[in-house]
1. So, with +1 on the Cβ of K and R and -1 on the Cβ of D and E, and no other charges, what is the size of the charge dipole of the chain about its Cα centre, to the nearest 20 debye?
2. Go through 8-20, 36-48 and give me the packing order, highest mean Cβ count within 10 Å leading.
3. So what's the net charge close to D52: Lys and Arg +1, Asp and Glu -1, counting the other residues with Cβ under 15 Å from its Cβ?
4. Here are a few candidate values for Cα extents along the principal axes in Å: (1) 33, 25, 16; (2) 34, 24, 23; (3) 35, 31, 16. Which one was actually calculated from the structure I just gave you?
5. Tell me the relative contact order for the chain as a rounded percent, counting alpha carbon contacts under 8 Å between residues six or more apart.
6. Which listed residue (Y36, G55, W69) has the Cα farthest towards the positive end of the charge dipole for the chain, taking +1 on Lys and Arg C-beta and -1 on Asp and Glu C-beta about the Cα centre?
7. Looking at the chain as a GNM with Cα springs under 10 Å, which of D65, D52, D31 has the largest mean-square fluctuation?
8. Determine the sum of side-chain charges near L43: Lys and Arg each +1, Asp and Glu each -1, restricted to other residues whose C-beta is under 14 angstrom from that of L43.
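Nothing in this text is a laboratory measurement; each read-out follows from the coordinates by a stated rule. Here the structure is a predicted model, which is why all the values come from computation and not from measurement. Every residue, glycine as well, gets a Cβ built from its backbone with ideal geometry; the counts of neighbours run over all protein chains shown.
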Amino acid sequence: DGSAGYIGGVRQKILTAWFAGVDVFFIPNLDDGYYYDNYVEALRVCEDVGIDPEGWLVGVESFQDVVDWLLARED
């Protein structure tokens, strides 16, 4: 249905992506009452290790959010 869902291993994924030089990291932002939000956890990881998430870490609720984000940056 195109909606984003929970992922595991957020800490490892964030660190691997950062140290591999990934330009942008899309992560589920499940702001709908879940007890665990991947985006919030990713922000904690960034804070713990000194990564600035601005412009790099992008919380999404759906595939359409990803498409919209990419199209907004198209030159």
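1. On the way: 4 positive and 15 negative charges, 76 e Å.
The calculated dipole for the chain is roughly 360 debye.
2. 36-48, 8-20
3. Values: positive: R44; negative: D23, E47, D48, E54.
That sum, taken over residues with Cβ under 15 Å, equals -3.
4. Label of the calculated value: (3).
5. Numbers: 77 pairs, mean separation 29.0, N = 75.
Relative contact order for the chain comes out at 39 percent.
6. Among Y36, G55, W69, the one farthest towards the positive end of the dipole of the chain is Y36.
7. Residue with maximal mean-square fluctuation among D65, D52, D31: D52.
8. Value of the local net charge: -4.
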